[in-house]
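What follows is calculated from the coordinates using simple rules that are stated; it is not laboratory data. Here the structure is a predicted model, which is why all the values come from computation and not from measurement. Cβ coordinates were reconstructed from backbone atoms using ideal geometry, including for glycine residues, and neighbour counts include every protein chain displayed.
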Amino acid sequence: MKKRVPALIVLAAVVVAVVLWLVLRSDENPNTLELHGNVDVRQISLAFDGSGRIDALKVEEGDRVKAGELLAVLDTRTLALEARQAEANVSANRQNLLRMQNGSRPEEIQQARDRLDAAQADATRAAADLARLKQVAESTEGRGVSAQEIDRAASAAKASRAQAEQAREALQLTVKGPRSEDVAAAQAQLEASKASLALIRHRIDQGELRAPEDAVVRTRLLQVGDMASPQRPVYELALTSPKWVRVYVNEKDLGHVKPGMAAQVTTDSAPDQPVKGTVGYISSVAEFTPKSVETEDLRTALVYEVRVRVQDEEGRLRLGQPVTVDLKLGMAQ
């Protein structure tokens with residue numbers, strides 16, 4: 001009996017200490033709501049916009065990438081040759097448009113005048129020949145010149161006048177230059193060739209796969225030499241910014257949680273290094289507790305999803321990592 005008394009006293013002291021610790025712990029932070037959850041994983045399946053054979057892969061699994069960083073490249077040598085051909089076509093159409101806009105050169109106008117002078121001289125000579133034959137025919141009463149000769153001279157004179165009239169019209173067109181419709185058609189042809197070149201360059205740009213946001217490479221799905229397409233992702237990326245923590249609140253605590261409330265996120269590996277955050281989203285629909293959530297309540301209890309946006313500049317939180325979130329009730333940022 002004497003040996004049992006000290007043991008009972010020690011056991012009673014331990015029980016009292018545990019009860020006091022639990023009471024003090026429950027009253028230590030009456031304005032703090034403790035929740036459990038995981039760092040949210042938001043994933044992107046990244047594929048090329050175009051199709052082609054993969055020429056190079058720039059990053060590996062686990063690498064951190066920045067927004068706009070080049071991740072992979074397709075073989076675009078055929079498109080590069082098509083682009084050079086399109087550039088030559090644009091240059092030719094541009095020169096054609098400039099030629100029409102500038103109009104006729106002085107040398108071309110002078111040549112047209114010379115052709116008109118020659119045509120007028122021919123018409124004058126043909127008219128003189130016809131007049132001379134008619135005069136001979138009148139003086140000889142038709143015996144010195146036949147009717148056939150007069151007809152041929154008349155036809156030659158008429159043709160010469162027509163040629164002179166054509167030369168005069170040609171000179172007028174040369175002086176006026178191209179019609180506005182022809183200039184517009186040349187302009188449209190130039191724009192069409194430019195659009196064709198832009199389309200080829202766009203297809204070349206589609207041969208580069210870039211990161212849309214800051215992320216971590218989770219999986220590389222294709223290899224160099226594989227055929228890529230918009231339906232075949234090359235990488236799976238996990239977004240790192242902004243970073244969210246997904247927790248669940250039961251209905252009895254739901255009324256204490258407000259958007260903008262201050263929060264502290266801690267992990268089991270670094271409980272003394274909390275990460276600051278704020279409540280950013282509260283679900284309006286109740287659901288049964290997911291299997292992945294860590295909570296002491298019954299599985300059949302209804303909970304509401306809450307997302308806490310964290311400021312993790314040092315990258316302490318890992319995607320999918322289980323964490324503890326302490327919400328400061330009544331405090332908002």
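Assorted remarks:
- Label positions at residue 98 and residue 205, each projected 7 Å from the Cα along the C-beta direction, are separated by 2.7 nm.
- Applying the Karplus relation 6.51 cos²θ - 1.76 cosθ + 1.60 with θ = phi - 60° to the range 233-240 yields 3J(HN,Hα) values of x, 9, 10, 10, 10, 9, 6, 10 Hz, where x marks Gly and Pro.
- Sequence-distant aspartates and glutamates (8 or more away, or on other chains) whose Cα lies within less than 12 Å of residue 328: 34
- Sum of side-chain charges, residue 327 neighbourhood, beta-carbon under 11 Å (Lys, Arg +1; Asp, Glu -1): -1
- Global dimensions of the range 81-202 from alpha-carbon coordinates: Rg and Dmax equal 25.5, 86 Å.
- Net charge contributed by nearby residues that have their C-beta within less than 9 Å of residue 153 (K/R +1, D/E -1): 0
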